[in-house]
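The values are calculated or read from the model by the stated rules, or taken from the named source; none is laboratory data. This structure is a prediction, so every number in the text was calculated from the model and none was measured. A quick note on method: Cβ atoms are made from the backbone with ideal geometry, for glycine too, and the neighbour counts reach across all protein chains shown. Note: areas computed on protein heavy atoms with side chains; ligands, DNA, RNA excluded. Shrake-Rupley method; radii C 1.70, N 1.55, O 1.52, S 1.80 Å.
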Amino acid sequence: MNEPIPVSRVVDHGTAKLMPDVDRDRAWLLTVDGAPQSYVDLDAPEHLEFEYARRLGHVLDTAAEPGRALDVLHLGGGALTLPRYVAATRPGSRQDVVEADRGLLELVAEHLPLPDGAAIALHAADARAWLEAAPGDSADVVVADVFGGSRVPAHLTSVAYAREAERVLRADGVYVANLADGAPFAFLRSQLATFAEVFGELLLIAEPGVLRGRRFGNAVLVASHRPPAVAALARLTAADAFPARVEHGAALRGFTGDARPVRDEDAVPSPEPPDGAFGIG
C-alpha cells in the first residue's frame, strides 16, 4: 500500500502544504506559509484535532437540538474541517463555504475530497463581499474563521461587518468567530464592544492562561439574540484535553471594559502572533 506523501503548492496567498499524519490513516494537516490552518481526518470527520476547532464544534453542537439539519455559512475555508463536521453530525445540513484563496480551495478539493452527498457549496470570494450580497434571514449559523496569514483581516472586524452578519442570520441564529490575541487584549476587547453594539448576547471561550494574559492564543466569540447555552458549553469545554473557560454576562462586560466599537474607518487587523505562537512542534 502506498504511503501518503506531503503535497506542497503555491496558492493565491502563500505556500500551502498538506502533510499526512503518521498516527492516523487518511488524516492531514494543512499549513499555509508554515502556520497550521486545518486538520482533517477523512475517515472520521467528527474528529476535531485543534482545540479552537473543538470549541467551534461545541458551539455548533449547541446551536440546535442534536442532529437537526442547519443552514450554515462558513467564512474562511481552510481544509473544510467544520463543514465536514457539520455534514457528519447534522446530516442534511446545507452549507456555503466562502474562501478568498481559490488556489487553496482547488488544492483541498483535489486532495481531500468532500464526502458524497454532502450539501457543501464552495465559493472563491471575499468573505465580507459575499456576506453583503447574501440574502437576509438565510443562515442558522455563521462561522467566521478567516485569517490573512495569521491575522484576522481588518474589514471583518467592524460594526458594519457585524450588522451584515446579523442581517444574514435568522432571529434565533448564532454567530461564532475564531479570534486570536494576547494581553492587553486591545483587539479582543474591541471585538466584544463591536458585537455588543449589534447582538444582545455575547459569550467568550478561551483557555484560562490566555484570558489571564500569560500567553497569546485563540478565543472563540459567540454572538446571538437568544441566551447562549452557557452551562452546556461550560461542561463541554471543561472536558476537553485543554480545558477552556466560558465568560458571559457581567464578567465578560468587565473584561470588555471601556473598549470602543470598531468603525470601518478605524479597523485594523488582529495583532501579529509572536514567533512560535502557532507553530508546529
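When Glu49 is tested against (1) in contact with a helix residue (DSSP H, G or I) (Cβ under 9 Å, 6 or more places away or on another chain); (2) part of a strand (DSSP E or B); (3) open to solvent by 20 Å² or more (accessible area, probe 1.4 Å), just one condition goes unmet, and that condition is (2). The number of residues in region 48-80 that are within 13 Å of Ala144 (Cβ to Cβ) and among the aromatic types (Phe, Trp, Tyr) comes to 1. Could you please find all residues in region 85-104 being open to solvent by 50 Å² or more (accessible area, probe 1.4 Å) and touching a residue at least 60 places away in the same chain (Cβ under 8 Å)? If the condition is that a residue be open to solvent by 50 Å² or more (accessible area, probe 1.4 Å) and touching a residue at least 60 places away in the same chain (Cβ under 8 Å), then Ala100, Arg102 are the ones that fit. Go through region 29-46 and report how many residues are open to solvent by less than 40 Å² (accessible area, probe 1.4 Å), modelled with pLDDT of 95 or more and in contact with a Phe, Trp or Tyr (Cβ under 7 Å, 6 or more places away or on another chain). Number of matching residues: 4.
Set side by side, the residues Gly209, Gly217 differ, and just one is open to solvent by less than 60 Å² (accessible area, probe 1.4 Å), without any contact (Cβ under 8 Å) to a residue 12 or more places away in the chain and closer than 25 Å to Ser150 by Cβ, which is Gly209. For Ala171, state whether it is of a type in the set (A, V, I, L, M), in contact (Cβ under 8 Å) with a residue 40 or more places away in the chain, under 17 Å from Leu73 (Cα atoms) and open to solvent by 30 Å² or more (accessible area, probe 1.4 Å). For Ala171, the condition - of a type in the set (A, V, I, L, M), in contact (Cβ under 8 Å) with a residue 40 or more places away in the chain, under 17 Å from Leu73 (Cα atoms) and open to solvent by 30 Å² or more (accessible area, probe 1.4 Å) - is met.
Filtering region 1-19 down to residues that are open to solvent by less than 40 Å² (accessible area, probe 1.4 Å) and touching a strand residue (DSSP E or B) at 6+ places or on another chain (Cβ under 6 Å), which residue is farthest from Pro115 (Cα to Cα)? Selected residue: Gly14. Cβ-Cβ contacts under 8 Å between residues 6 or more apart (or on different chains), taken from a first residue in region 105-123 that is closer than 12 Å to Val11 by Cβ to a second residue that is part of a loop (DSSP other than H, G, I, E, B) and open to solvent by less than 40 Å² (accessible area, probe 1.4 Å), are listed as Leu105/Gly77; Val108/Gly77; Val108/Gly78; Val108/Ala79; Val108/Leu80.
Residues of region 244-273 being farther than 20 Å from Gly200 by Cβ, outside any helix (DSSP H, G or I) and open to solvent by 70 Å² or more (accessible area, probe 1.4 Å), which ones? Talk me through it step by step, then tell me what you get.
First pass over region 244-273, keeping only residues farther than 20 Å from Gly200 by Cβ: 244-245, 258, 263-273.
Then keep just the ones that are outside any helix (DSSP H, G or I); that gives 244-245, 258, 263, 267-273.
The answer is Arg245, Asp258, Arg263, Val268, Glu272.
So that you can scan it fast, the table gives a plain yes or no per residue for (1) open to solvent by 10 Å² or more (accessible area, probe 1.4 Å); (2) touching a Pro at 6+ places or on another chain (Cβ under 8 Å):
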residue	(1), (2)
Glu132	yes, no
Val143	no, no
Ala165	no, no
Leu188	no, no
Thr194	no, yes
Gly200	yes, no
Leu204	no, no
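Against the criterion of being open to solvent by 50 Å² or more (accessible area, probe 1.4 Å) and in contact with a helix residue (DSSP H, G or I) (Cβ under 6 Å, 6 or more places away or on another chain), Leu122 qualifies.
Any residue in region 55-73 that is under 28 Å from Val10 (Cβ atoms), of a type in the set (D, E, K, R), buried (at least 21 other Cβ atoms within 10 Å of the Cβ) and touching a residue at least 12 places away in the same chain (Cβ under 8 Å)? No, because not a single residue in region 55-73 is under 28 Å from Val10 (Cβ atoms), of a type in the set (D, E, K, R), buried (at least 21 other Cβ atoms within 10 Å of the Cβ) and touching a residue at least 12 places away in the same chain (Cβ under 8 Å).
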